[in-house]
Amino acid sequence: MKLLLHILVCLTLSSCMMNYPLTTFYVKNNTDKTIRFKASVIKYSSMGQFEMTLPFTVLPKDSVLARRANFKKDILPNQWFTQFIIFPVDSIVLNNPNSSENWIKSTDTKGKLIYTFSIAK
């Protein structure tokens, strides 16, 4: 009976992981100036859900890991945050992070999903 219970728990957990693959979100700065932004996400804990906002600094010609989490396969990449505010920089035209077309989809060598957002046009 215990063996059957363990098998059922393992199958349930593995099926949940299939529906929510690990997804990584990078923000790329393709300019010659440092760009700052802040992003807010919903986090879940034993006390309930809460919004967490973090500031980021992206150096010129560099990128930062903005988030890595398990998401449904059909979620749009711009839905991983509740707010995404890019602080303006002189003479740089910024892309809209709220548009899913600005998030480029790719995979790593292990087949894990990656989305990359380029800050500037």
When you scan region 45-55, do you find a residue that is under 20 Å from Tyr20 (Cα atoms) and surrounded by 11 or more Cβ atoms within 10 Å (Cβ to Cβ), even just one? no
With the requirement that a residue be within 18 Å of Leu113 (Cβ to Cβ) and assigned to a loop (DSSP other than H, G, I, E, B), what does region 61-83 give you? Phe71, Lys72, Lys73, Asp74, Ile75, Leu76, Phe81
Mind listing whichever residues of region 84-109 are within 20 Å of Lys121 (Cα to Cα) and either aromatic (Phe, Trp, Tyr) or part of a strand (DSSP E or B) (or both)? Phe84, Ile85, Ile86, Phe87, Leu94, Trp103, Ile104, Lys105, Ser106
Name the residues in region 60-79 that are under 23 Å from Thr31 (Cα atoms) and either aliphatic (A, V, I, L, M) or at pLDDT below 85 (or both), would you? Val64, Leu65, Ala66, Pro77, Asn78
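Collect the residues in region 18-47 that are of a type in the set (D, E, K, R) and under 18 Å from the mean Cα position of the chain (by Cα), keeping them in residue-number order.
Lys28, Arg36, Lys38, Lys43 - these are the residues of region 18-47 that are of a type in the set (D, E, K, R) and under 18 Å from the mean Cα position of the chain (by Cα).
Select from region 80-95 the residues that are surrounded by 12 or more Cβ atoms within 10 Å (Cβ to Cβ) and either over 15 Å from the mean Cα position of the chain (by Cα) or modelled with pLDDT under 90 (or both) and list them in ascending order. Outline the logic, then answer.
Of the residues in region 80-95, the ones surrounded by 12 or more Cβ atoms within 10 Å (Cβ to Cβ) are 80-86, 89, 92, 94-95.
Scanning region 80-95 gives Trp80, Phe81, Thr82, Ile86, Val89, Ile92, Leu94, Asn95.
The values are calculated or read from the model by the stated rules, or taken from the named source; none is laboratory data. Computed from a predicted model, the values in this text were never measured in an experiment. All Cβ positions, even for glycine, are placed from backbone atoms using ideal geometry, and neighbour counts span all protein chains on display.
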